[in-house]
C-alpha cells in the first residue's frame, strides 16, 4: 500500500520560523568561532608566540651593591666589601634525597652548621626560586672555600660565590646613627615598608641605612636563563642586565667630632649631640654603650641578638641621644627662665634672696648641697645654679592662668615633641601636666595627684620630666639663634659614586617662637657667667679653653643615681654650635658631662689639649 503524497504533514509557518532561527544561531556561532581562531592565529599569533617564549625564560637576580655613606668631608663611613658565600646549585645537587642528605652532613662539618638547618635553608629558597642558587652561608673564610674547591667531588652542587656585604669600618663609632642593613623579612614584604623590594633584597633596618634606603638601595641586575616546563634550566641567554649600585649619601656628620664624642663617653651609658644652631645640621650624635653593626653582616643566634637589647648589658641598641628618657636637671632652667620672662613673672633685674632653701606648703625645698647664695637675679641664678630662684618660679607659674606656663614653653622649644630628625626610633619623652598625673593617679599608676610641689620640681628639670640630649640641644639653639626651632638633620645630599651632587636634601622649615631680645641676652649672659666667671658651676672646667662659651650644668636625681648633664653654646656671644651631653650615674654635671662636652668642643674647634686653637674651626 502506498501513502498518498497528499497525506504527508506539511511544514507549518511557525515551524519554518523556528528552523530559520536555529539555523541562524548555529551559523553565527560557527562564524564567531571561526573569527576567534582567525584572530588568535593571524592577528595575535606573534604576540602569543612571544609570550610563550618569555614563559620559558626566567630571571636570576643579581644583587646590586648599596650606595656608600660619607661624612661632610667625603670620608667613608659605610661601604661595601666583596665576601665569599657558599651556595647550592639546584641543577648540580644530587637528585636523590639520601644523596643530598649525605652532602649536607659533610657540608655541616665544614661550615659548623647543623645538616637540617642547611636542608631547610636550601629547600625554602628553592621553593620560591627553583632555578636560582640557594645561599647556605654568607661571608665564609678563604680557608673554607679552598677546602670546598679541593674536595669538589664530595660536595656536588655546592659552589662558592662572590657577594657584596655591608661594611662599617668605624666599628662601634656612630653605630646608632648609621644603623645596619640586612635581608628583608616577610613582615616587611607584606607591609609594603620598602616599595619595589623583593625577597632576598638587602634593605636598611635601622638608622640612616633605613631612613635613606630608597637612595642607598641600588637596582638589581638579572641573568636570564631558559627553563623547561618543569622549571629545570636548559640554557642561558647572553647579555645579562647589569646591577646598578645605589646612590652615595653625604652626611653633615664630621667623623673627628663623632670620634671625640664617643671617646668622651668612655663606655659609660649616655648620649651626646653636636649641632649647628642656625641650620640644624647634626655634626655628631652618639650613644653608649654601643655595638658593632658588622655583627649583622654575618649569621647570628636569637640569643646573641637579644643580648643587644638586654638591660644587664646596658641595652646597647638603644640610641640614648634621641630615644633616652631622662630628667634634665638644671639644664632645664633655661626653659623655665624663658617661660618666666615671657610670661611676665620676672624681669632680668628682679632679685630674690636665696638662703639655701624655701618652704612651699608643708615641703622644704633645698638647694643642691644646701648651698647658700644670698641675693640673686636671673643672671647670677643661672651662674651659680640657684634652685631656690627657680623653685619660686615653678610655684608662681603653677598658680598663674591655667598653670601650664612652663609646660607650654617647653613644648614650644622642642621638649616633649618629635624633632623631625632623619633617624627612626625617636622618642618624645614627657612634659608633665596636672591632667597627665591625675589620670595616672586615677588608674593607680602613681600615689599622688598633681600639687604645686610637682611644678616646683619640674621647674628645675626634676620630677616627672623625661627628655634627651637632642631635645635639649634644640631648646638651647632656639634661644641662641633668636627663636628659630630648627629641624635637626644628618643628610646633606645624594651623590653619584664619584661624589658629584645629584640632589640636595631639603628639610622642612623651622618653627619660630617669639622671645624678646633682652630676655635672650639675659639668659645667654647667665650661661656665659656659669662657664667663665668665679663661682660659675662649670668655670673650673672651661677656664683654660681658648674660646668663650655659654653653658649650663645639670644634675638630675634618678633611681639609679645622679644623671650628669651639660649643654654648651660656642663661641659666645654668637654661638655657632650647641653641644648637649648626658651620662647616666655620672654624678654632678661639672664632674663628668661638662668634661665630655669640653672634649667634643675641642674637636669642633680643633683645639689642642693645651688649650690652643690649631686652625680655626674644624668645619670651616
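Can you tell me which residue is nearest to residue 574 (Cα to Cα) among those in segment 277-301 that are in contact with a helix residue (DSSP H, G or I) (Cβ under 8 Å, 6 or more places away or on another chain) and assigned to a strand (DSSP E or B)?
Here the answer is 283.
Considering only residues that are modelled with pLDDT of 95 or more, part of a loop (DSSP other than H, G, I, E, B) and over 30 Å from residue 492 (Cβ atoms), which ones fall in segment 394-442?
Answer for segment 394-442, where residues must be modelled with pLDDT of 95 or more, part of a loop (DSSP other than H, G, I, E, B) and over 30 Å from residue 492 (Cβ atoms): 404, 431, 432, 433.
Please enumerate the residues belonging to segment 63-76 that are part of a strand (DSSP E or B) and at pLDDT below 90.
Pass one, segment 63-76, residues part of a strand (DSSP E or B): 69-70, 76.
Matches in segment 63-76: none.
Find all pairs meeting these conditions: Cβ atoms under 7 angstrom apart; at least six residues apart or on different chains; first residue within segment 514-532 and assigned to a loop (DSSP other than H, G, I, E, B); second residue crowded, with 21+ Cβ neighbours inside 10 Å.
Listed pairs, sorted by first residue: 515/338; 515/479.
Limited to segment 122-144, what total is found for residues that are surrounded by fewer than 17 Cβ atoms within 10 Å (Cβ to Cβ) and in a helix (DSSP H, G or I)?
7
May I ask you to list the residues in segment 316-339 that are outside any helix (DSSP H, G or I) and either free of Cβ contacts under 8 Å to residues at least 12 places away in the same chain or within 19 Å of residue 557 (Cα to Cα) (or both)?
Result: 324, 325, 326, 327, 328.
Suppose we filter segment 77-102 for residues that are in a helix (DSSP H, G or I) and either in contact with a strand residue (DSSP E or B) (Cβ under 7 Å, 6 or more places away or on another chain) or within 30 Å of residue 67 (Cα to Cα) (or both); how many remain? If you could, list the steps in order and put the result at the bottom.
Our first condition is that a residue be in a helix (DSSP H, G or I); within segment 77-102, this holds for 97-102.
Pick out the ones that are also either in contact with a strand residue (DSSP E or B) (Cβ under 7 Å, 6 or more places away or on another chain) or within 30 Å of residue 67 (Cα to Cα) (or both) and you get none.
Within segment 77-102, residues that are in a helix (DSSP H, G or I) and either in contact with a strand residue (DSSP E or B) (Cβ under 7 Å, 6 or more places away or on another chain) or within 30 Å of residue 67 (Cα to Cα) (or both) number 0.
Residue under question is residue 250, and the condition is that it be closer than 29 Å to residue 163 by Cα, modelled with pLDDT of 90 or more, out of contact with any helix residue (DSSP H, G or I) (no Cβ under 8 Å at 6 or more places or on another chain) and outside any loop (DSSP other than H, G, I, E, B); does it hold? Talk me through it step by step, then tell me what you get.
Details: closer than 29 Å to residue 163 by Cα: yes; modelled with pLDDT of 90 or more: yes; out of contact with any helix residue (DSSP H, G or I) (no Cβ under 8 Å at 6 or more places or on another chain): yes; outside any loop (DSSP other than H, G, I, E, B): yes.
For residue 250, the condition - closer than 29 Å to residue 163 by Cα, modelled with pLDDT of 90 or more, out of contact with any helix residue (DSSP H, G or I) (no Cβ under 8 Å at 6 or more places or on another chain) and outside any loop (DSSP other than H, G, I, E, B) - is met.
Quick one: residue 224 ticks every box in (1) within 23 Å of residue 135 (Cα to Cα); (2) at pLDDT 95 or above except a single one, so which number is it?
Unmet for residue 224, out of (1) within 23 Å of residue 135 (Cα to Cα); (2) at pLDDT 95 or above: (2).
Within segment 429-449, count every residue that is in contact with a strand residue (DSSP E or B) (Cβ under 9 Å, 6 or more places away or on another chain) and either buried (at least 17 other Cβ atoms within 10 Å of the Cβ) or under 30 Å from residue 210 (Cα atoms) (or both).
Kept after step one, since they are in contact with a strand residue (DSSP E or B) (Cβ under 9 Å, 6 or more places away or on another chain), are these residues of segment 429-449: 429-432, 436.
With either buried (at least 17 other Cβ atoms within 10 Å of the Cβ) or under 30 Å from residue 210 (Cα atoms) (or both) added as a condition, the list becomes 429-432.
Residues that pass the stated criteria total 4.
Being in contact with a helix residue (DSSP H, G or I) (Cβ under 8 Å, 6 or more places away or on another chain) and farther than 26 Å from residue 400 by Cα is the filter here, so list the residues in segment 459-481 that pass it.
Of everything in segment 459-481, those that are in contact with a helix residue (DSSP H, G or I) (Cβ under 8 Å, 6 or more places away or on another chain) and farther than 26 Å from residue 400 by Cα turn out to be 468, 469, 470, 480.
I'd like to know if segment 341-358 contains one or more residues that are within 30 Å of residue 508 (Cα to Cα), surrounded by fewer than 23 Cβ atoms within 10 Å (Cβ to Cβ) and in the same structural domain as residue 507 (by TED's automatic domain parsing). Let's see the steps before the verdict.
Taking segment 341-358 as the starting set, the residues that turn out to be within 30 Å of residue 508 (Cα to Cα) are 341-343.
Subsequent filtering for residues that are surrounded by fewer than 23 Cβ atoms within 10 Å (Cβ to Cβ) retains 342-343.
Narrowing the set further to residues that are in the same structural domain as residue 507 (by TED's automatic domain parsing) leaves 342-343.
Yes, the conditions are met somewhere in segment 341-358.
In this structure, does residue 572 turn out to be touching a strand residue (DSSP E or B) at 6+ places or on another chain (Cβ under 9 Å), assigned to a loop (DSSP other than H, G, I, E, B) and either closer than 21 Å to residue 479 by Cβ or not assigned by TED's automatic domain parsing to the domain that holds residue 484 (or both)?
Values: touching a strand residue (DSSP E or B) at 6+ places or on another chain (Cβ under 9 Å): yes; assigned to a loop (DSSP other than H, G, I, E, B): yes; either closer than 21 Å to residue 479 by Cβ or not assigned by TED's automatic domain parsing to the domain that holds residue 484 (or both): yes.
So residue 572 fits the description; yes.
Tally up the residues in segment 150-168 that are in a loop (DSSP other than H, G, I, E, B) and modelled with pLDDT under 80, please.
Going through segment 150-168, the residues in a loop (DSSP other than H, G, I, E, B) turn out to be 151, 155-157, 168.
From the residues that got through so far, the ones that are modelled with pLDDT under 80 too are none.
Final tally of qualifying residues: 0.
Which of the numbered conditions does residue 147 fail, given that it passes all the others? Conditions: (1) touching a strand residue (DSSP E or B) at 6+ places or on another chain (Cβ under 8 Å); (2) part of a helix (DSSP H, G or I); (3) farther than 22 Å from residue 288 by Cα.
Single failed check for residue 147: (1).
One residue is enough: does segment 163-186 have a residue meeting the conditions more than 31 Å from the chain's Cα centre (by Cα) and more than 30 Å from residue 261 (Cβ to Cβ)? Step through it out loud before you land on a result.
Restricting attention to segment 163-186, the residues satisfying the condition of being more than 31 Å from the chain's Cα centre (by Cα) are none.
No: segment 163-186 contains no residue that is more than 31 Å from the chain's Cα centre (by Cα) and more than 30 Å from residue 261 (Cβ to Cβ).
Any idea how many residues of segment 529-545 are surrounded by 20 or more Cβ atoms within 10 Å (Cβ to Cβ) and farther than 15 Å from residue 597 by Cα?
Looking only at that region, the number is 2.
So in segment 145-197, with the set limited to residues that are within 16 Å of residue 216 (Cβ to Cβ) and without any contact (Cβ under 8 Å) to a residue 60 or more places away in the chain, which one is surrounded by the fewest Cβ atoms within 10 Å (Cβ to Cβ)?
Only one residue fits best here, namely 195.
Residues 385, 459: which one is within 27 Å of residue 351 (Cβ to Cβ) and in contact with a strand residue (DSSP E or B) (Cβ under 8 Å, 6 or more places away or on another chain)? Quick ask: steps written out before the conclusion?
Numbers: 459 fails: in contact with a strand residue (DSSP E or B) (Cβ under 8 Å, 6 or more places away or on another chain).
Just a single option satisfies the conditions, and that option is 385.
Scan 452, 456 and give me the residue that is in contact with a helix residue (DSSP H, G or I) (Cβ under 8 Å, 6 or more places away or on another chain), under 18 Å from residue 340 (Cβ atoms), in contact (Cβ under 8 Å) with a residue 24 or more places away in the chain and surrounded by fewer than 19 Cβ atoms within 10 Å (Cβ to Cβ).
Details: 456 fails: surrounded by fewer than 19 Cβ atoms within 10 Å (Cβ to Cβ).
Testing whether each residue is in contact with a helix residue (DSSP H, G or I) (Cβ under 8 Å, 6 or more places away or on another chain), under 18 Å from residue 340 (Cβ atoms), in contact (Cβ under 8 Å) with a residue 24 or more places away in the chain and surrounded by fewer than 19 Cβ atoms within 10 Å (Cβ to Cβ) leaves just 452.
Kindly indicate whether any position in segment 295-302 is touching a strand residue (DSSP E or B) at 6+ places or on another chain (Cβ under 7 Å) and buried (at least 23 other Cβ atoms within 10 Å of the Cβ).
no
The values are calculated or read from the model by the stated rules, or taken from the named source; none is laboratory data. Note that the coordinates shown come from a computational prediction; the quantities given were computed from them, not determined experimentally. Using ideal geometry, Cβ is built from the backbone for each residue, glycine included, and neighbour counts are taken over all protein chains shown.
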